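> Provided herewith is a single structure, encoded as structure tokens, for subsequent inquiry.
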Amino acid sequence: MLKMFKHMNHYRNNKFKQVKHTLQRLQLNWSKTNSTAFCPNNYKSILIVMCDFGIGDVIIHSFLIHELRRHNYEVSVVIDEKNKFLFDYFIEIDHLFVFDKRNIKKFIKSDKKITIDLAIDLYDESQNSLRRAKLISSFNPLHTIGFNQKKFFQYDTSINYKEYDSHITKRCCITLNLLEIKFTNVNYYLNLKESDLQKARLFINEICIEKNKFIIIFNPYGSVETKSFSQEQINIIINFLSQLKNCITIIVGEQKCISNIKELPNVFINRNPSFFVTCALVSLSDYVITVDTSIVHVASAYNIPMLAIYSNQYCSSFDLNKVWAPINSNFEQIFVSENGKKIKQATIAKLDVNQLLNKISSLPAS
């Protein structure tokens, strides 16, 4: 009886949220008096919406930011509190707007003291669309570009995008083409302080008794459990890596996750909590082994050879193995499979680690 009551209560709350969401969307749509035509020559101040982004999402957007600023656009970013540190110097922009998800109303009512000509939102309609639309509306831009956002009138241009196997940067390219901006290659643009690089070099020098060691970065944990190795898999992998005499392996990741991993000969834990020092270590490495997380995109930025492990996640028919793949020219991807076939919605914990060990065995330094 209690279980049934909880189920009914949960169902009722979800329905209430859906109705509330719909009413707020309709109210927001009614406040949009008219849509504007897209006129690329009229825009100089551009806002990029980064609502509910992870670190990897921000790194990917560095391509779009760089190309816009390279063509003399003034670029602003609106982002939640947890990721504002990425714009101190790591990624260069002109203006940063930070909101607290717990108090969106305060941010919406605040005086932005800036005129936005064009707002850009690269992501599809989702449970966060209402929040993004509210943020956009608070800036009152002349025009807004979105993808698959026909339910929200805040998007004057909603691009019908169904390229389920295309990399997320394809959306950046479409946006740049709309603005008639020419570019040659898709790259990520990151800035590291010399002090972060010095800390990384010092750590490498401390653990490398012999010079010219082949440096491997191993990142075993993703942002969620489905994208992370199990402890048993980690033990097998680092035991194998420790036997590579010409290699030094550095384990990176959140300290709360990696601190309990036991160090072995030739295998060391990076105990510096700075994300930027981790990025510096990646930039100085020879090879990266990582699950699907921000380290993939950091390694791509520095074109470091990489073995990336993905768990076959799908979202609204989009193949996330491809949407969030590395972009550099020196990578291989491993997917969770069974009898040679991918397992949809699989967790990395189901991966046969022999697939990974066979790849490592073929490294020049092994």
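> Between C39 and D117, how many nm apart are label points set 7 Å from Cα along the C-beta direction?
Taking the simple label geometry, C39 and D117 are separated by 1.1 nm.
> Just to be sure I understand: of the beta bridges DSSP finds with both ends in the chain, what percent are antiparallel, rounded to 5?
Given both bridge residues lie in the chain, the antiparallel proportion sits at roughly 10 percent.
> Another question about this same structure. Probe radius 1.4 Å, ligands and nucleic acids ignored: give me the carbon and sulfur share of the accessible area of the chain as a rounded percent. Display every interim value, and only then the final one.
Numbers: 9380 of 18700 Å².
Of the solvent-accessible surface of the chain, carbon and sulfur hold 50 percent.
> Which of P305, P326, P273 moves most in a GNM of the chain, Cα contacts under 10 Å?
The residue with the greatest mean-square fluctuation here is P273.
> Right, something else. Among S259, S228, S311, which one shows the biggest mean-square fluctuation in a GNM of the chain, springs joining Cα atoms closer than 10 Å?
Highest fluctuation of the listed residues: S259.
> Nearest 10 degrees, 0 to 90: what angle lies between the long axis of helix 231-242 and the longest principal axis of the chain (Cα atoms)?
50
> When the helices in the chain are scored as -39500 (n - 2.57) per DSSP H run of 4 or longer and the sum is shared across all residues, what 222 nm value do you end up with, to the nearest 500 deg cm²/dmol?
-11000 deg cm²/dmol
> For region 181-282, give the share of DSSP beta bridges that are antiparallel, in percent and rounded to the nearest 5; count only bridges with both residues there.
10
> Computed over the Cα atoms, what is the radius of gyration of region 175-314 divided by 2.2 N^0.38 Å, N being its residue count?
On the way: Rg = 16.2 Å, N = 140, 2.2 N^0.38 = 14.4 Å.
It is 1.13.
> Continuing with this model, one more query. So, how do all the Cα-to-Cα distances of region 205-251 break down into 10 Å bins, in percent, from 0 on up?
Once binned at 10 Å, the Cα pair distances of region 205-251 give 24, 46, 24, 6.
> So with the 1.4 Å probe, I'd like the accessible area per residue for the chain, rounded to whole Å².
51
> Along the charge dipole of region 80-159, which of A119, S129, N148 sits closest to the positive end, that is, farthest toward it, with unit charges on the beta carbon of Lys, Arg, Asp and Glu (+1, +1, -1, -1)?
Checked the options; the winner is S129.
> So, one more: Report, in degrees rounded to the nearest 10, the 0 to 90 angle that the Cα long axis of helix 194-207 makes with the longest principal axis of the chain.
With both axes taken from Cα atoms, the answer is about 30 degrees.
> DSSP loop trypsin sites (Lys or Arg not before Pro) in region 219-267 with at most 13 other Cβ atoms within 10 Å of their Cβ, which ones? If you can, show how the numbers build up before the last one.
On the way: sites: K227, K245, K256, K262; in loops: K245, K262.
Hits after loop and neighbour filter: K245, K262.
> Let me ask something else about it. Can you compute the equivalent ellipsoid semi-axes for the chain, i.e. the square root of 5 times each eigenvalue of the Cα gyration tensor, sorted largest first and rounded to whole Å?
That gives 39, 26, 19 Å for the three semi-axes.
> Given 5 Å bins starting at zero, what is the percent of C-alpha pairs of region 32-162 in each, up to the one with the largest pair distance?
Distribution as computed: 2, 10, 22, 24, 23, 13, 4, 0 percent.
> While we're here: Please determine, in degrees from 0 to 90 and to the nearest 10, the orientation of helix 129-139 with respect to the longest principal axis defined by the Cα atoms of the chain, where the helix direction is its Cα long axis.
Tilt of helix 129-139: around 60 degrees.
> So what's the gap between the Cα centers of region 207-248 and region 77-92, to the nearest angstrom?
Between the Cα centre of region 207-248 and that of region 77-92, the gap is 29 Å.
> On to the next question. How big is the dipole moment of the chain about its Cα centre under a simple scheme where the beta carbon of each Lys and Arg is +1, that of each Asp and Glu is -1, and everything else is neutral? Debye, nearest 20, please.
1460
> For I209 and N72, what does the FRET efficiency come to when R0 = 41 Å and r is the distance between their Cβ atoms, rounded to the nearest 0.05?
After rounding, the FRET efficiency stands at 0.20.
> Tell me the relative contact order for the chain as a rounded percent, counting alpha carbon contacts under 8 Å between residues six or more apart.
Once divided by the residue count of the chain, the mean separation gives 15 percent.
> Then there is this: What distance in nm lies between label points placed 7 Å from Cα along the C-beta direction at V224 and K256?
Label-label distance for V224 and K256, simple model: 1.8 nm.
> Compute the distance in nm between two label points, each set 7 Å from the Cα along the Cα-to-Cβ direction, one at Q127 and one at L264.
3.9
> While we're here: List the residues whose amide H sits under 5 Å from the amide H of F147, counting only those 5 or more places along or on another chain, with H placed 1.01 Å from N in the peptide plane.
So F147 has HN proximity to Y123, I159.
> Express in nm, to one decimal, how much length is gained between N330 and K359 on full extension, taking 0.36 nm for each residue of separation and deducting their alpha carbon distance.
Numbers: separation 29, 0.36 × 29 = 10.44 nm, distance 1.35 nm.
Computed gain between N330 and K359 is 9.1 nm.
> Let me ask another. Which value, in debye to the nearest 20, gives the size of the charge dipole of region 259-366 about its Cα centre, when Lys and Arg are +1 and Asp and Glu are -1 at the Cβ?
That gives region 259-366 a dipole magnitude of about 180 debye.
The values are calculated or read from the model by the stated rules, or taken from the named source; none is laboratory data. Here the structure is a predicted model, which means the values were calculated and not measured. So basically every Cβ, Gly included, is an ideal-geometry build from the backbone, and we count neighbours across all protein chains shown. In case anyone asks, the SASA skips ligands and DNA or RNA and just uses the protein heavy atoms, side chains included. Shrake-Rupley method; radii C 1.70, N 1.55, O 1.52, S 1.80 Å.
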